[in-house]
Amino acid sequence: MLSKLESRILSAVSQHILIRYGVEIPVALEQPRQASFGEFALPVAFQLARQLKKAPRAIAEELVAELPTIDGVQSLEAAGGGYINLRLNREALCAAAIAPSAIAAAAGDGKVIVEHTNINPNKAAHIGHLRNAILGDTFVKMLRASGQNVEVQNYIDNTGVQVADVVVGFHYLEKMGQADVEALLAQEKFDYACWDLYARISQYYKDNPEALQWRRDTLHAIESGEGELAELGRIVADAIVECHMNTMWRLGIQYDVLPRESEILHLKFWASAFEQLKEQKAIYLETEGKNSGCWVMPGSAFDENREDEDSKVIVRSNGTVTYVGKDIAYQMWKFGLLGKDFYYQPFRTYSDGHPVFVSTASPDGAAAVSFGGGRKVFNVIDSRQSYLQDVVVAGLKALNYHAQAANSIHFSYEMVAMSPRACVEMGIELSAEDQAKPYVEVSGRKGLGVKADDLIDKLIDSALAEVGSRNADKTDDEKFAAASAIAIGALRYFMLKFTRNTVIAFDFQEALSFTGETGPYVQYGAVRSGKILLKAGDLPDYAAVLTGAVCARLLEDEGLWQHLLAVSRTDQAIAAALTAGEPAHLARFAFQLTQQYSSFYRDYPVIQESDAEKRAFLLWLTGQFRAQLDRTLHILGIQVPAFM
RNA sequence: GCGCCCGUAGCUCAGCUGGAUAGAGCAUCUGGCUUCGAACCAGAGGGUCGGCCGUUCGAAUCGGUCCGGGCGCACCA
């Protein structure tokens with residue numbers, strides 16, 4: 001609601017300055033430190049001071065006197081060293097909020113692709129993967145809320161060493177065949193079994209380096225797609241992908257398509273990319289030095305501080321392509337630059353009816369859908385991969401795809417590590433070296449980490465204990481549903497409250513907290529407001545009761561005005577978070593909005609209000625709060641339980 | 001060695017393109033449930049924004065430098 005007014009103010013002010021002083025400067029609008037200063041502040045006089053060689057305070061006073069009246073603005077005032085504080089017309093803002101408004105979604109041109117989750121399908125998902133998926137999913141919802149057409153991809157590396165290692169574990173360590181693995185699969189928690197096995201085989205390699213030959217053999221078999229080892233690889237990867245999809249769906253996270261590495265290999269995506277790279281001389285065949293016999297990208301292409309000799313191998317001397325090479329091909333496909341596409345078949349349909357497809361190599365029985373070909377691509381990958389992401393972008397540039405290179409965005413974030421206390425609580429023994437650190441890196445190879453499903457279960461358990469103690473009258477199913485919503489709310493909020501470049505040192509006590517700045521705090525505010533609306537019975541006809549005069553009278557109350565203001569800032573908050581690319585900003589807004597509501601809740605009893613006009617107004621404000629909070633929570637992927 | 005990130009209250013973190021008295025949560029202390037549910041609210045204490053230079057009307061924010069911590073820099077993915 002406020003965003004329109006804001007742009008009106010900005011254009012009026014900059015226009016006036018242009019005419020009056022003949023200068024064109026970017027005008028900024030801020031929120032004053034104190035609410036008593038007004039609703040907005042213009043620091044523009046400070047900027048003008050230099051150019052006009054005049055005291056900022058004098059300029060501010062001049063502007064206050066000369067600025068034309070702006071629709072919706074009550075008054076202007078020069079303050080402090082040169083601020084212009086600005087008060088809004090309360091009645092006008094209120095009237096605008098009551099009138100139903102059509103929100104014009106700014107439809108973006110072209111498709112935006114967001115790739116996230118991307119967990120190696122060889123073990124259970126852990127807290128690090130949760131951060132990736134929750135961050136990615138929330139960003140997707142932010143984009144969609146702004147009218148963008150978004151395609152969500154979850155890349156499945158089903159032919160890599162990590163899958164191979166688990167296959168090695170089954171085949172060589174456990175001496176298990178296809179039937180044995182399938183029997184294990186039928187039991188619960190296959191991803192947990194693989195988690196342990198992966199840690200074991202990793203340790204085994206350490207103790208018996210000669211066993212690495214098993215990995216090479218297995219990897220080769222998996223890449224060729226033939227034989228028993230390849231079949232085992234398929235079974236493992238497919239089953240684990242199912243597990244991951246289930247885990248993520250518990251958090252409300254969906255995908256549109258699962259492109260798999262096996263199809264990138266079989267459909268020869270790399271061959272097409274290789275041709276283009278050679279043709280454009282983006283890579284060359286090294287004939288001397290340590291990389292002799294390899295196709296390499298010169299170091300200067302992706303890092304200006306590097307020498308050309310400090311190059312990155314794209315194709316190994318044995319003719320196989322590296323991870324980065326495959327990633328360049330995949331990135332090209334995302335932009336539709338490969339001249340190829342996968343075939344697809346349905347993978348599953350979520351309970352809300354949304355289908356997700358998986359890539360296949362064969363046109364037989366393929367679904368009539370297509371993916372990729374985006375205008376802009378966001379890769380949600382942790383910051384440790386930034387070097388490789390740079391190489392991928394350099395590849396696009398070297399191919400003269402400059403627009404695509406500029407639209408390849410590494411949506412990076414810092415890792416989730418384990419706090420020493422969390423390690424102790426899990427009974428993990430740390431090396432002396434690790435103990436000295438402020439936090440320890442999560443490691444699948446070491447089996448060091450908190451599994452996503454375990455954490456969710458733990459959260460549900462403790463939410464259930466709370467819900468149970470407060471709602472004896474509800475059925476078990478109802479209580480479980482509420483506890484689940486609370487648990488997911490707590491988890492998503494926890495992962496989102498940190499800005500992207502903050503390392504999260506995972507701590508059980510913080511993650512399991514339901515008080516203070518948490519998801520449940522916000523959900524609680526929503527539930528309380530919902531209860532009032534429910535108890536109020538039939539809602540009044542707001543447009544009829546809340547006339548301009550009524551609003552003007554009631555909004556003289558500073559508390560009510562501040563509440564209306566807070567609610568009105570939702571649009572801005574959503575837009576600002578998207579611009580900054582920080583879901584954390586939106587999470588914080590949800591918290592602050594709820595804080596505002598909590599004091600409103602205490603100060604203004606709604607149901608027993610005897611003044612009918614005021615009661616209607618309070619009800620309307622309550623509804624406004626709930627509606628705006630619901631919008632925000634929807635983007636954050638947090639549901640409001642029926643009770644709590 | 002080179003590159004990226006971080007250093008703000010006892011702890012965990014915010015602080016938007018430099019702007020008015022640096023903010024939350026947790027923890028500590030005080031007060032508030034016969035009043036729409038206290039997973040809440042009100043209040044108190046607690047900070048040389050890692051150090052030092054610089055840029056400017058103005059710096060937690062920009063630049064330089066030093067100190068401390070993390071992560072990268074493979075013919076692994």
- request: Just give me the residues in the stretch A:294-345 being touching a strand residue (DSSP E or B) at 6+ places or on another chain (Cβ under 7 Å) and basic (Lys, Arg), in sequence order.
  value: A:Lys312, A:Lys334
- prompt: For A:Ile17, all conditions in the list (1) of a type in the set (Val, Ile, Thr); (2) within 11 Å of RNA strand B (Cβ to nearest atom); (3) more than 30 Å from A:Ala99 (Cβ to Cβ) hold save one; what is the number of the exception?
  reply: (2)
message: Among (1) in contact (Cβ under 8 Å) with a residue 24 or more places away in the chain; (2) assigned to a helix (DSSP H, G or I); (3) not basic (Lys, Arg), there is one condition A:Ala271 misses while meeting the rest; what is its number?
response: (1)
statement: Restricting the stretch A:435-452 to residues that are of a type outside the set (S, T, N, Q) and farther than 28 Å from A:Ile240 by Cα, the one nearest to the chain's Cα centre (by Cα) turns out to be A:Tyr439
- prompt: So, in the stretch A:602-635, of the ones that are touching a Lys or Arg at 6+ places or on another chain (Cβ under 6 Å) and either in contact (Cβ under 8 Å) with a residue 12 or more places away in the chain or not assigned by TED's automatic domain parsing to the domain that holds A:Leu578 (or both), which residue ends up surrounded by the fewest Cβ atoms within 10 Å (Cβ to Cβ)?
  reply: A:Ile607
- request: Quick one: in the stretch A:474-510, of everything that is among the acidic types (Asp, Glu) and more than 22 Å from the chain's Cα centre (by Cα), which residue is nearest to RNA strand B (Cβ to nearest atom)?
  value: A:Glu478
statement: Counting only residues in the stretch A:255-268 that are touching a strand residue (DSSP E or B) at 6+ places or on another chain (Cβ under 7 Å) and in a loop (DSSP other than H, G, I, E, B), the one nearest to A:Tyr323 (Cα to Cα) is identified as A:Pro259
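Within 13 Å of RNA strand B (Cβ to nearest atom), β-branched (Val, Ile, Thr) and not in a helix (DSSP H, G or I): is that true of A:Val27 in this structure?
Yes; evaluated as a whole, the condition is true for this residue.
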- request: Return the residue satisfying two criteria in turn: it lies in the stretch A:417-434 and is under 28 Å from the mean Cα position of the chain (by Cα) and within 10 Å of RNA strand B (Cβ to nearest atom), and of such residues it is surrounded by the fewest Cβ atoms within 10 Å (Cβ to Cβ).
  value: A:Arg421
query: Which one of these is outside any loop (DSSP other than H, G, I, E, B), touching a residue at least 40 places away in the same chain (Cβ under 8 Å) and either under 19 Å from A:Asn89 (Cβ atoms) or aliphatic (A, V, I, L, M) (or both): A:Ala544, A:Ala526?
result: A:Ala526
- request: Six or more apart or on different chains, Cβ under 8 Å: which pairs go from a residue in the stretch A:55-71 that's in contact (Cβ under 8 Å) with a residue 40 or more places away in the chain and surrounded by 18 or more Cβ atoms within 10 Å (Cβ to Cβ) to one that's of a type in the set (Gly, Ala, Ser) and in a helix (DSSP H, G or I)? Could you list them?
  value: A:Leu63/A:Ala45; A:Leu67/A:Ala12; A:Ile70/A:Ala12
message: Given the criteria among the charged types (D, E, K, R), in the same structural domain as A:Ser362 (by TED's automatic domain parsing) and not in a helix (DSSP H, G or I), does A:Glu242 qualify?
response: no
- prompt: When you look at A:Ala271, is it in contact with a Pro (Cβ under 6 Å, 6 or more places away or on another chain) and at negative phi, yes or no?
  reply: no
In the stretch A:556-600, residue nearest to RNA strand B (Cβ to nearest atom) [restricted to those that are at pLDDT 95 or above and assigned to a loop (DSSP other than H, G, I, E, B)]: A:Glu582
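Residue-by-condition table, conditions (1) surrounded by 15 or more Cβ atoms within 10 Å (Cβ to Cβ); (2) under 24 Å from A:Thr322 (Cβ atoms):
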| site | (1), (2) |
| --- | --- |
| A:Lys397 | yes, yes |
| A:Ala403 | no, no |
| A:Gly449 | yes, no |
| A:Asp453 | yes, no |
| A:Leu459 | yes, no |
| A:Leu464 | yes, no |
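Looking at A:Leu67, A:Leu42, which is the one that is within 11 Å of RNA strand B (Cβ to nearest atom), within 23 Å of A:Glu91 (Cβ to Cβ) and touching a helix residue (DSSP H, G or I) at 6+ places or on another chain (Cβ under 7 Å)?
Going through A:Leu67, A:Leu42 in turn, just one is within 11 Å of RNA strand B (Cβ to nearest atom), within 23 Å of A:Glu91 (Cβ to Cβ) and touching a helix residue (DSSP H, G or I) at 6+ places or on another chain (Cβ under 7 Å): A:Leu42.
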task: Collect the residues in the stretch A:348-359 that are part of a strand (DSSP E or B) and not aromatic (Phe, Trp, Tyr), keeping them in residue-number order.
output: A:Arg348, A:Thr349, A:Pro355, A:Val356, A:Val358, A:Ser359
- line: Screening A:Val358, A:Val296, A:Val377 for residues that are closer than 30 Å to A:Glu414 by Cα and within 10 Å of RNA strand B (Cβ to nearest atom) leaves only A:Val296
query: Got a sec? Which of A:Gln254, A:Gln345 is touching a residue at least 12 places away in the same chain (Cβ under 8 Å) and in contact with an Asp or Glu (Cβ under 9 Å, 6 or more places away or on another chain)?
result: A:Gln254
message: I'm trying to understand the selection: among the residues of the stretch A:177-201, which are closer than 18 Å to A:Asn246 by Cβ, surrounded by 18 or more Cβ atoms within 10 Å (Cβ to Cβ) and of a type in the set (Gly, Ala, Ser)?
response: A:Ala193
query: Does A:Ser370 count as among the polar types (S, T, N, Q), in contact (Cβ under 8 Å) with a residue 12 or more places away in the chain and out of contact with any helix residue (DSSP H, G or I) (no Cβ under 9 Å at 6 or more places or on another chain)?
result: yes
Whichever residue in the stretch A:511-521 is near RNA strand B (Cβ under 6 Å from one of its atoms) and of a type outside the set (Phe, Trp, Tyr) and, among such residues, is farthest from A:Tyr439 (Cα to Cα): A:Pro520
query: Taking the stretch A:11-29 on its own, how many of its residues are charged (D, E, K, R) and in contact with a strand residue (DSSP E or B) (Cβ under 7 Å, 6 or more places away or on another chain)?
result: 0
query: Under the condition of being near RNA strand B (Cβ under 8 Å from one of its atoms) and in a loop (DSSP other than H, G, I, E, B), which residue from the stretch A:312-347 is farthest from A:Leu265 (Cα to Cα)?
result: A:Ser317
- line: Counting only residues that are in contact (Cβ under 8 Å) with a residue 60 or more places away in the chain and under 15 Å from A:Ala145 (Cβ atoms), the stretch A:567-584 contains a total of 10
- prompt: Based on what the data block shows, is A:Asp541 within 11 Å of RNA strand B (Cβ to nearest atom), over 18 Å from A:Pro605 (Cα atoms) and modelled with pLDDT under 95?
  reply: no
field: Residue that is farthest from the chain's Cα centre (by Cα), among those in the stretch A:365-386 that are β-branched (Val, Ile, Thr) and surrounded by 22 or more Cβ atoms within 10 Å (Cβ to Cβ)
entry: A:Val377
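The values are calculated or read from the model by the stated rules, or taken from the named source; none is laboratory data. Since we're looking at a predicted model, the values are computed, not measured. Cβ atoms come from the backbone with ideal geometry, glycine included; neighbour counts cover every protein chain shown.
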